[in-house]
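Accompanying notes for the structure given below.
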Amino acid sequence: MRNQMLQLLKVTAILILFYNINVLSMELFQVNDPKKNFYIGLNFFKANQLKDAWHYFSIAAQEGCAESPAYLGIISWINNDIDAAKYYLEFGRQRKEKEALYQLGRIYDQEGNIDEAKKYYYEAINAGHARAANKLGLIFFKEKNNEKAKEFFSFGASDTNNDLDAQCNLAYLYMQTGDIDEATKWYKKASDLGSFIAEYRLGLLYLQEGNEKEAKRRFLRMVDEIQHIPSVYYLGVLNEKINLAKAKRLYSIAAGRGYKKAIDALKRLNPDENIG
């Protein structure tokens, strides 16, 4: 009995010691981490708790955190205060903070000031912001400068950056120029990394090429994972020749969600019924 008591006391002492070490480690981490308030603010920002996020980003900015002004600018933009957004983002730009540069580019892009948008996107890319390359590529694509668009989409799509939007846009650019193999390659890459846009477009591409098995697999995944209504319609298309009743059911589901192609398909198959 005495030995059991001694053993219990030893175990208790060890647990207390480990507890105190862990508490001390956490306190040291909190004291020494210069971005503590920034990361707290970032968690609130991701949870869309913008008031709390603002509070911690403000503290972090006062403590000299270079990333915080960008998020103060983003929150100001969300709240439709463009002047305040530009003020905070400009403060971040002076520190060459990549998110601030990127968000300034987005604001000027949205305002139609393309020269300023390009300027800040370029600066953001040089500071290491991969998504800025996709935005710059989109500007050049709209300007019908496909070579420059391809250059920046490729930069964003590369293994180093793996920007899903850039990969999808690069694939789309290849489709527009008739290079189906390259389009398929980049859609597959984006799909493997989790892009539902790429998965859907792969389905359309395989359907166009007559590969119904692969098209069906892609559309089924879209329906199973995100209840994608256009994919429901295309599953109807794939079933129309082999199971008309099932095709109609699928069209009805998509039509019930207002998808026009499905409504038109039901009208075609049921001309005597009043659809939509």
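Scoring Glu143 on the criteria (1) over 22 Å from Ile229 (Cα atoms); (2) touching a Cys at 6+ places or on another chain (Cβ under 9 Å); (3) of a type in the set (D, E, K, R) leaves a single failure, condition (2).
On the stretch given as segment 139-169, residues that are within 16 Å of the chain's Cα centre (by Cα) and either within 17 Å of Gly112 (Cα to Cα) or in contact (Cβ under 8 Å) with a residue 24 or more places away in the chain (or both) total 11. In this structure, Ala100 does not satisfy being more than 14 Å from Glu67 (Cα to Cα) and buried (at least 19 other Cβ atoms within 10 Å of the Cβ).
Among the residues of segment 155-201, count how many are of a type in the set (Asp, Glu), closer than 24 Å to Glu225 by Cβ and in contact with a helix residue (DSSP H, G or I) (Cβ under 6 Å, 6 or more places away or on another chain).
Counting residues in segment 155-201 that are of a type in the set (Asp, Glu), closer than 24 Å to Glu225 by Cβ and in contact with a helix residue (DSSP H, G or I) (Cβ under 6 Å, 6 or more places away or on another chain) gives 3.
Out of the residues in segment 53-110 that are of a type in the set (D, E, K, R), in contact (Cβ under 8 Å) with a residue 24 or more places away in the chain and part of a helix (DSSP H, G or I), state the one that is farthest from Arg131 (Cα to Cα). Looking at residues that are of a type in the set (D, E, K, R), in contact (Cβ under 8 Å) with a residue 24 or more places away in the chain and part of a helix (DSSP H, G or I), I get Arg93.
One line per residue, one yes/no per condition, for (1) buried (at least 19 other Cβ atoms within 10 Å of the Cβ); (2) under 19 Å from Asp179 (Cβ atoms):
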position: Ile114; (1), (2): no, no
position: Lys119; (1), (2): no, no
position: Ala124; (1), (2): yes, no
position: His129; (1), (2): yes, no
position: Ala133; (1), (2): yes, no
position: Leu136; (1), (2): yes, no
position: Glu143; (1), (2): no, no
position: Ala149; (1), (2): yes, yes
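Residues that are outside any helix (DSSP H, G or I) and either in contact with a Phe, Trp or Tyr (Cβ under 9 Å, 6 or more places away or on another chain) or among the aromatic types (Phe, Trp, Tyr) (or both) within segment 126-151 comprise Ala127, His129, listed in sequence order. Within segment 192-221, being surrounded by 14 or more Cβ atoms within 10 Å (Cβ to Cβ), out of contact with any Leu (no Cβ under 6 Å at 6 or more places or on another chain) and closer than 25 Å to Phe141 by Cβ holds for Phe196, Ile197, Ala198, Glu199, Tyr200, Arg201, Leu202, Gly203, Leu204, Leu205, Tyr206, Leu207.
Values quoted throughout were computed directly from the atomic coordinates according to the rules given, and no laboratory measurement underlies them. Computed from a predicted structure; not experimentally measured. Glycine gets a Cβ as well: all are built from the backbone with ideal geometry, and neighbour counts include every protein chain shown.
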